[in-house]
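Have a look at the structure below before the remarks.
The values are calculated or read from the model by the stated rules, or taken from the named source; none is laboratory data. None of these values were measured; they are calculated from a predicted model. Counting neighbours? That spans all protein chains shown, and the Cβs are built from the backbone with ideal geometry, glycine included. Accessible surface is based on the protein model in full, side chains and every heavy atom, while ligands, DNA and RNA are left aside. Shrake-Rupley method; radii C 1.70, N 1.55, O 1.52, S 1.80 Å.
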Amino acid sequence: NTYAWYKEHCQIIEDHDPTDQMAALALALKSDRYPLGVLYTSPEKQSFEQQQAAYQNKSTPLWQRSIDRSALKKLLANKK
């Protein structure tokens, strides 16, 4: 599994409509090279992040947020 292998066996998707479900299925079923990129997205559905309560008020990634250690200790104490 080297850079050369991935370069030979994968392709970055370009000029593809990610809202076209049938085109996404056709790309996924191709057996010559693995497609890299967004194959399909549903315009009617929210993304994973949009569905999570942690992202409702803040869009900052969780790993970049500061930790309220007192609230964490309180939460862990209640779980015992």
Quick check on the stretch 59-79. Is at least one of its residues assigned to a helix (DSSP H, G or I), of a type in the set (S, T, Y) and open to solvent by 60 Å² or more (accessible area, probe 1.4 Å)?
yes
Residue tally, condition within 30 Å of Y6 (Cα to Cα), open to solvent by less than 100 Å² (accessible area, probe 1.4 Å) and not hydrophobic (A, V, I, L, M, F, W, C), over the stretch 33-58:
8
Can you pull out the residues in the stretch 36-51 that are farther than 13 Å from A23 by Cα, in a loop (DSSP other than H, G, I, E, B) and not small (G, A, S)?
P43, E44, K45, Q46
With the structure loaded, tell me whether A77 is more than 18 Å from the chain's Cα centre (by Cα) and free of Cβ contacts under 8 Å to residues at least 24 places away in the same chain or whether it fails that test.
yes
Looking for something assigned to a helix (DSSP H, G or I) and open to solvent by less than 60 Å² (accessible area, probe 1.4 Å) - is there at least one such residue anywhere in the stretch 4-20?
yes
Does any residue in the stretch 1-24 that is farther than 13 Å from P35 by Cβ come within less than 6 Å, Cβ to Cβ, of a residue that is exposed (fewer than 10 other Cβ atoms within 10 Å of the Cβ) six or more places away or on a different chain, and which pairs are these?
T19/P43
If you go through the stretch 37-60 one residue at a time, do you hit one that is on the phi > 0 side of the Ramachandran plot, under 22 Å from the mean Cα position of the chain (by Cα) and small (G, A, S)?
yes
